[in-house]
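The values are calculated or read from the model by the stated rules, or taken from the named source; none is laboratory data. Keep in mind that what you see is a predicted model, and the values were worked out from it rather than measured. Glycine also receives a Cβ, built like all others from the backbone with ideal geometry; neighbour counts cover every protein chain displayed.
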């Protein structure tokens, strides 16, 4: 069995398949977890069950997109190529679609912790997995009221949360500056000290238990008689396989069209600032509702600021202003901090317009499976994606309806 793509989704899938008794080779052109998985916000975002195209967000999009440094921006020169994706994004905002998509995301996210726990135990990663919950911050009650229905919808789907007011907000995390009247705490939300170290830890466990890693670029899938039975490599070699999993993130698109699949996969480019010597001690993962960005507490008082979204071609040059603007926004929440040894980063989140990832078999070719389109939920859903693939490949009951995640739903 071959898994193409050694990001956190591919690594977790390989490890889950290995734990199910499969002999697995992991294939990637680069070092494990050095692309999008290297710089994500480090959250296991179990409460993010509502799709990005929820009506409340859709109303804000035009204003955001007119601001090149706002929470969501577009490189307008890429509008013609992005237009089909954007039209599908708008279509996903219909109330009936939002309800169905919320059900599909809830089914996945409700099992994240129990799917991740055995892999974290196996890899010895519990020391960097912080299960302290998250705080979503609101300036005042009026701002919270705008989001209240969404929180109630989450509660209807089993997400447990509590509303904190006044002094309870500051008591929850002493580093917070005054001025935040409300916060929603989600206890089951968790984060890791460093998402790259977490992914590499899973990879090391996979290798330690006999998994093979091949560093080479896949050029194409080998298909014979309607079945995929291997991967052709750009260096002229090949890997034989009974089953092939494509888990290449935004680069998965190169395998869709040749296999007759039409998946609207685009890059949702995210930026971060990492401040290893910030000197701020935070207990909770922080989300700022009004600014749509997050603060990840890292080890030894470090911080990572992340969350802005840019729609552009994956190879477009970065706009580093989108990273640097997060520094002032964070100081309005936790006060001053050191920027010594600061670094900035940009990555390509693999995004589909309905927010629901693609997990499952090719409808046309036996032996071919897909695991991509996770958007903001790559780390969150990595272990769950792998568990579902293992169940499907081995003919086991997955416990949820897999139809919402099929590759041919678009």
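Quick one: is residue 364 under 28 Å from residue 254 (Cα atoms) and in contact (Cβ under 8 Å) with a residue 40 or more places away in the chain?
Considered against the rule, which asks whether it is under 28 Å from residue 254 (Cα atoms) and in contact (Cβ under 8 Å) with a residue 40 or more places away in the chain, residue 364 comes out as yes.
With respect to residue 249, determine if the residue is crowded, with 17+ Cβ neighbours inside 10 Å and within 17 Å of residue 17 (Cα to Cα).
In short, no.
Return yes or no: is residue 280 at pLDDT 95 or above, part of a strand (DSSP E or B) and either touching a helix residue (DSSP H, G or I) at 6+ places or on another chain (Cβ under 8 Å) or farther than 30 Å from residue 27 by Cβ (or both)?
no
Tally time: how many residues in region 145-173 are under 23 Å from residue 335 (Cβ atoms) and touching a residue at least 60 places away in the same chain (Cβ under 8 Å)?
2
What is the residue count in region 234-265 for residues that are touching a residue at least 24 places away in the same chain (Cβ under 8 Å) and in a strand (DSSP E or B)?
Count: 4.
Which ones in region 291-310 are touching a helix residue (DSSP H, G or I) at 6+ places or on another chain (Cβ under 6 Å) and more than 18 Å from residue 40 (Cβ to Cβ)?
291
What are the pairs with Cβ atoms under 8 angstrom where one residue, in region 112-136, is touching a residue at least 40 places away in the same chain (Cβ under 8 Å) and at positive phi and the other, located anywhere, is outside any helix (DSSP H, G or I) and surrounded by 21 or more Cβ atoms within 10 Å (Cβ to Cβ)? Sequence gap at least six, or different chains.
The qualifying pairs are 133/186; 133/189; 133/190; 133/284; 133/285.
Checking the structure you have, find out if any residue of region 356-364 is surrounded by fewer than 18 Cβ atoms within 10 Å (Cβ to Cβ) and either at pLDDT below 95 or within 27 Å of residue 76 (Cα to Cα) (or both).
So far as region 356-364 goes, yes, one or more of its residues are surrounded by fewer than 18 Cβ atoms within 10 Å (Cβ to Cβ) and either at pLDDT below 95 or within 27 Å of residue 76 (Cα to Cα) (or both).
Which ones in region 262-294 are under 15 Å from the mean Cα position of the chain (by Cα) and over 15 Å from residue 329 (Cα atoms)?
Selection gives 265, 266, 267, 268, 269, 270.
Condition check: touching a strand residue (DSSP E or B) at 6+ places or on another chain (Cβ under 6 Å), closer than 26 Å to residue 356 by Cα and assigned to a helix (DSSP H, G or I). Does residue 220 satisfy that?
No.
When you scan region 55-62, do you find a residue that is part of a loop (DSSP other than H, G, I, E, B) and modelled with pLDDT under 90, even just one?
Looking through region 55-62, none of the residues is part of a loop (DSSP other than H, G, I, E, B) and modelled with pLDDT under 90.
Exactly one of these conditions fails for residue 252: (1) modelled with pLDDT of 95 or more; (2) touching a helix residue (DSSP H, G or I) at 6+ places or on another chain (Cβ under 6 Å). Give me its number.
(2)
Across region 317-353, what is the number of residues that are assigned to a loop (DSSP other than H, G, I, E, B), surrounded by 16 or more Cβ atoms within 10 Å (Cβ to Cβ) and either within 21 Å of the chain's Cα centre (by Cα) or modelled with pLDDT under 95 (or both)?
Of the residues in region 317-353, 3 are assigned to a loop (DSSP other than H, G, I, E, B), surrounded by 16 or more Cβ atoms within 10 Å (Cβ to Cβ) and either within 21 Å of the chain's Cα centre (by Cα) or modelled with pLDDT under 95 (or both).
Considering region 292-315 alone, what residues qualify as being part of a loop (DSSP other than H, G, I, E, B), touching a strand residue (DSSP E or B) at 6+ places or on another chain (Cβ under 8 Å) and either on the phi < 0 side of the Ramachandran plot or free of Cβ contacts under 8 Å to residues at least 24 places away in the same chain (or both)? Please lay out each step first, then the result.
Initially, region 292-315 is screened for residues part of a loop (DSSP other than H, G, I, E, B), giving 292, 298, 302, 312-315.
Applying the additional criterion that residues be touching a strand residue (DSSP E or B) at 6+ places or on another chain (Cβ under 8 Å) yields 292, 298, 302, 312-314.
Matches in region 292-315: 298, 302, 312, 313, 314.
Scan region 223-232 for residues that are free of Cβ contacts under 8 Å to residues at least 40 places away in the same chain and assigned to a strand (DSSP E or B) and report the count.
Qualifying residue count for the region: 2.
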